[in-house]
1. Looking at (1) over 30 Å from residue A:409 (Cβ atoms); (2) within 14 Å of another protein chain (Cβ to nearest Cβ); (3) of a type outside the set (Val, Ile, Thr), which one does residue A:703 not meet, given that it meets all the others?
2. Which of (1) outside any loop (DSSP other than H, G, I, E, B); (2) free of Cβ contacts under 8 Å to residues at least 60 places away in the same chain; (3) surrounded by fewer than 20 Cβ atoms within 10 Å (Cβ to Cβ) does residue A:758 not meet, given it meets every other one?
3. Would you mind stating whether residue A:721 is touching a Phe, Trp or Tyr at 6+ places or on another chain (Cβ under 8 Å) and more than 14 Å from chain B (Cβ to nearest Cβ)?
4. Criterion first (closer than 21 Å to residue A:525 by Cβ, in contact (Cβ under 8 Å) with a residue 12 or more places away in the chain and more than 28 Å from the chain's Cα centre (by Cα)) does residue A:119 satisfy it?
5. Within region B:204-216, take every residue that is more than 20 Å from residue A:742 (Cα to Cα) and more than 14 Å from ligand 1 (Cβ to nearest atom) and give me the one that is farthest from the other protein chains (Cβ to nearest Cβ).
6. Could you list all residues from region B:19-30 that are surrounded by fewer than 15 Cβ atoms within 10 Å (Cβ to Cβ) and more than 16 Å from ligand 2 (Cβ to nearest atom)?
7. Given the conditions (1) within 14 Å of ligand 2 (Cβ to nearest atom); (2) within 14 Å of chain A (Cβ to nearest Cβ); (3) small (Gly, Ala, Ser), which single one is not true for residue B:67?
Amino acid sequence: MFRAAFRTLRSQFLHFVMPAIAVVLGVGFATGSLIYTQSLDEAMTLATITSQPDVSVIVRPDASPGSPDGPLDDRLLDRLRALPGAAAARGTAEGRSFLVGSDGALVGSLGWAGGVNYVASADGRDHRYPITAGRGPHDRGEIAVDRRSAERAGYRVGEQVRIVVNGTARDARLVGVFTAHDPRLTAGGSLTAFDTATARRQFSPTPDGYTAITLTAASGTSEEILAERAAKLLPPGLEAVTRSALDAEAAPADDKLSMLLLGFAGIALFVSTFLIANTFTMLSAARAREHALLRAIGATRSYVMRLVLAEALLVGAIASFAGYLLGIGVAAVLNTLFGTTVDAAPPLRFFTAGPLLAAFAVGIGVSALSAYLPARRASAVAPVAALRTGSPATPASLRRRNAAGLAVTALGALLTLAAIGTQDLLYIGPPVLMVGLIILTPLLAMGLAKAARAPLTRLAGMRGTLAAENARRNPRRSGATATALMIGFALVCTITVGISSLSHHAEQEAENRMAGDLRVTAVDFADISADTAGRIARLPGAEAVTPVIDAPIRLADDRFLQASAVNPAGVARLGALTVLQGSLEHLDDGVAVTEDAATAHGWKLGSRVSGTFARDERKIDLPIVAIYDGPDTFTPALLSTRRLPTARTAADRPFISAVFVKAAPGREGALRRDIQRALDNPALLVQSRAEVRQEAGRPFVPLMNIMYALLSITVLIGALGVVNTMSMAVYERVREIGVLRALGMDRRRVGVVLWLESAVISVLGAGLGVVVGSLIGAAAVLSQEGAALVIPWTRLAFFFAAAVAIGVLASLGPGSRAARIPMLRALRSPVE
Amino acid sequence: MMNQRIDPVPSGAVVAAADDLTKVYGEGEARVIALAGVSARFRQGEFTAIMGPSGSGKSTFMHCLAGLDTPTSGSARIGEIDLAQLDDARLTKVRRERIGFIFQAFNLLPTLTALENITLPAALAGQNIDRKWLDHLLATMGIADRLDHRPAQLSGGQQQRVACARALASRPAIVFADEPTGNLDSRSGAEVLALLRSASRDMGQTIVMVTHDPVAAAHADRALFLADGRIVHEMPRPTTSAVLEQMKHLDAHQPSASL
Ligand SMILES: Nc1ncnc2c1ncn2[C@@H]1O[C@H](COP(=O)(O)OP(=O)(O)O)[C@@H](O)[C@H]1O
Ligand SMILES: [Mg+2]
């Protein structure tokens, strides 16, 4: 069986090239994603497990809201250390700390920039952070950093370096460089070690506290027992967690990413099924007589079916192998595409059972599945067909398929429309719509070809007529080819419309939140120090300055008021608010609320707002002194920063989301430079109104580009589908082409006929894809509350043109092959 | 004017000619001499049958003369044009403007209607067909009521008649027919032969027909006999029995030929 299949494969080698490449691409994409995400996972897990090998139990605040009833302080540390079965205990104080490189930019992946305390044991060293050069830090002016970050930052031991902790940039002397097994480093972040006293001051929520206490179990004591014993000592709000539980907690690297990648790989594979099915359908038709002969001499139906399926399996297996090799390359590309920084990319593990199995399962599965229907059709050939001459029987009528297609398409369109009101339908409507269109493509292909006949004939004479006729002579194949293009371009357009709208929405929103001339914000994961607004206010040309500090209040009726604390005088002079009733003058002793909030809570000027601050449950009870309207940043309620509970430690400070500044007329540029110079902190951004808007839209550009990059595989497979179909057309029409050449059609025109046909199919695929994709994107946008639909017409038009161009380009190869067909051989060719 | 055609050659003028035509296929062991020096003239309005056993070089001779294949040496002329001097593009143009073809396997384009097939050569050449002439032709061919049908909806005989109309429609200088009756039953075959006969006699169409059927050859004005790539005999006004006799004679001299 397989030998026969192998022989077919060898003799029909060229026919299998395109479908095989499609499978190779799909499998490569899928295994590349698997290899990459698995390597990432394993690297993270390994780093988690090998980090801090002496930790058996960790004591930390539990997930309950509010601060714990007792502090994580030295007294608790001593009591835990004294527990039976505890060999050692260590107080850790960790938080965020950024390293500024010698080029002035922050180093490494900001989400993973950590600050830790260096705890010297008896021998003067901290075994978690083995020093490779210099020594551990001793006081506030000294730090040690991990080796890779030191290299990336361009610092050597002994140099002054700049760091950002708690929103403030300062200088420190680099006294040591260490290596460490730490998931933060694996993920591309940096570690900065401080002496314990400094770390506690910076990171601990209480002045003399820690952020966690770790215990080492004595030999003979299990983690669980030690954790149990520790738990008994702990006040409510603290918990003791075993090491194994902690490791299990370490989230797998990025589940969303792997789902996304596999999703796109799945789409690419789905599109390749159309190519494979087209090829096997064509071959089954071309070999109908051969199959009939087999049946006539006694082969069973299932034998013929297995024969065809065996070919598909072989193609799948070979393509899977090649796909796996490609996957290794894809993983490397993904590693650089998504790896936070190139040199922090995890080592890839190329040969693991999971991806290897997946590659073969997917490759062979997809091939066999897509060849199933053609194989069944091949096996259904009647033995007498072997004796009949002339063309094979015409394929079954499309009537039932068309009826089903119309019904499903209509249903999908309705569901997609309905999704505008009911977001959940977004997961059902568009897929149903796509399936409907896929079923309908043969009808659409026939319709379009019929409609295109007259204009094409006018445009290109006999060539146009032939092209239009050829496009509709095998509507199933034309439809499947258009489908492969359609899916890729539909996704591209959905994403284009969706992300463009999101981006525009974000820009609009940022604009709505802006006040004054300049805004100071922290980069992701960093924050703004409490004295920032004060320092800016002292600069010449700063007319009005106010911080905006989150101060959510839990009202007496248990509802939340998302209030912000501001500098009343600053806000008033910023001129961003319209006071409707009362005045901001007495905001130091009261609360201002928006009209909406007043209505929602039934407040009037003079009503009392009473409740507790959500952060630390301190009481607040103030009268409403003003009712106003203003940008989103300042809604729905304002109070004075003076009313905020004072922070006890650096780590306990309130969260400042932004500082808004109004410049004296004509001083904006100068003030902006002054602010940057005064703060000297690369973790803070100083932006004008226009930049704020831009900044809000900025993250969408790489997002869109990554989506395009991922979808390019699917589009490429769609293009291969056109090449495949056109090659098959040439193969099947060798004799016709010979006749045309004999009757006087020159070589160039033979190519023109083919690319006009290809253009018809591409216009169908591209048109459907762009229209349906844009509609789905629009439905998705409209289903989001408050989002405005933005349709980037030029870009969509470009995609349409690109799709048509791809289709036409794809026909050039087969076209030139057709033109080179030796005429006499063509005339003698037995293929009809 | 690129589509201009030469004026009809006076009756009896030479429309096509071969001079010492040779064709060699392959090299070394696989070397086959298909044509070993063939010379012949074809005059205006003349209906010539080319006869010979299988493998004698009939098709090769026709292909070389019709600009479908290039001879190894010697010359093939259509009118005053020496085909050997032409590149592919010019050959294509000559075929388009001066030559009509009728094939054994009909070779109609399945996607076009009968009428579109008939006008295809003119469309390729960018010419308009004389409507009156076309109507006359369609009436003669007996396919006037089948013009909107696709080839698949026509019988073999009807298809070959459409193919004949296609070859004659643009009044080419010469029509080549390769075994035009080979795929037809005897009645349809006879109809097609009668049509060719009348095209030559009544319309002055020059026709060269390759066949190995003595009955077919009997419709021609003369028969040329090929054997082993050479013309071995010329027979004016052939009859079925005379041709049969000649063929027997040839077969006797060619023990290697198998039918
Ligand atoms: N393309 C080719 N390559 C090699 N040999 C060929 C080719 N075409 C024809 N021949 C050989 O040339 C000889 C003449 O062939 P052909 O003209 O087809 O004969 P006929 O039409 O009289 O049967 C035969 O021996 C045939 O095998
Ligand atoms: Mg022959």
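The values are calculated or read from the model by the stated rules, or taken from the named source; none is laboratory data. Worth saying up front: this structure is predicted, and the values here are computed from it rather than measured. For neighbour counting, all protein chains shown are included, and Cβ atoms are generated from backbone atoms with ideal geometry for every residue, glycine included.
1. Looking at each condition in turn, residue A:703 falls short on (2).
2. Unmet for residue A:758, out of (1) outside any loop (DSSP other than H, G, I, E, B); (2) free of Cβ contacts under 8 Å to residues at least 60 places away in the same chain; (3) surrounded by fewer than 20 Cβ atoms within 10 Å (Cβ to Cβ): (3).
3. Values: touching a Phe, Trp or Tyr at 6+ places or on another chain (Cβ under 8 Å): yes; more than 14 Å from chain B (Cβ to nearest Cβ): yes.
Spelling it out, residue A:721 is indeed touching a Phe, Trp or Tyr at 6+ places or on another chain (Cβ under 8 Å) and more than 14 Å from chain B (Cβ to nearest Cβ).
4. Values: closer than 21 Å to residue A:525 by Cβ: no; in contact (Cβ under 8 Å) with a residue 12 or more places away in the chain: yes; more than 28 Å from the chain's Cα centre (by Cα): yes.
No; evaluated as a whole, the condition is false for this residue.
5. First pass over region B:204-216, keeping only residues more than 20 Å from residue A:742 (Cα to Cα): B:204, B:212-216.
Remaining after also requiring more than 14 Å from ligand 1 (Cβ to nearest atom): B:204, B:214-216.
Numbers: B:204: 22, B:214: 25, B:215: 23, B:216: 20 Å.
The residue in question is B:214.
6. To start, the set of residues in region B:19-30 that are surrounded by fewer than 15 Cβ atoms within 10 Å (Cβ to Cβ) comprises B:20, B:25-30.
Result: B:20, B:26, B:27, B:28, B:29, B:30.
7. It fails just one condition, (1).
To keep it simple, each residue is scored yes or no on (1) modelled with pLDDT of 90 or more; (2) within 13 Å of ligand 1 (Cβ to nearest atom); (3) of a type outside the set (A, V, I, L, M); (4) surrounded by fewer than 21 Cβ atoms within 10 Å (Cβ to Cβ).
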site: B:51; (1), (2), (3), (4): yes, yes, no, no
site: B:55; (1), (2), (3), (4): no, yes, yes, yes
site: B:58; (1), (2), (3), (4): yes, yes, yes, no
site: B:66; (1), (2), (3), (4): yes, yes, no, no
site: B:71; (1), (2), (3), (4): yes, yes, yes, no
site: B:74; (1), (2), (3), (4): yes, no, yes, yes
site: B:77; (1), (2), (3), (4): yes, no, yes, yes
site: B:82; (1), (2), (3), (4): yes, no, yes, yes
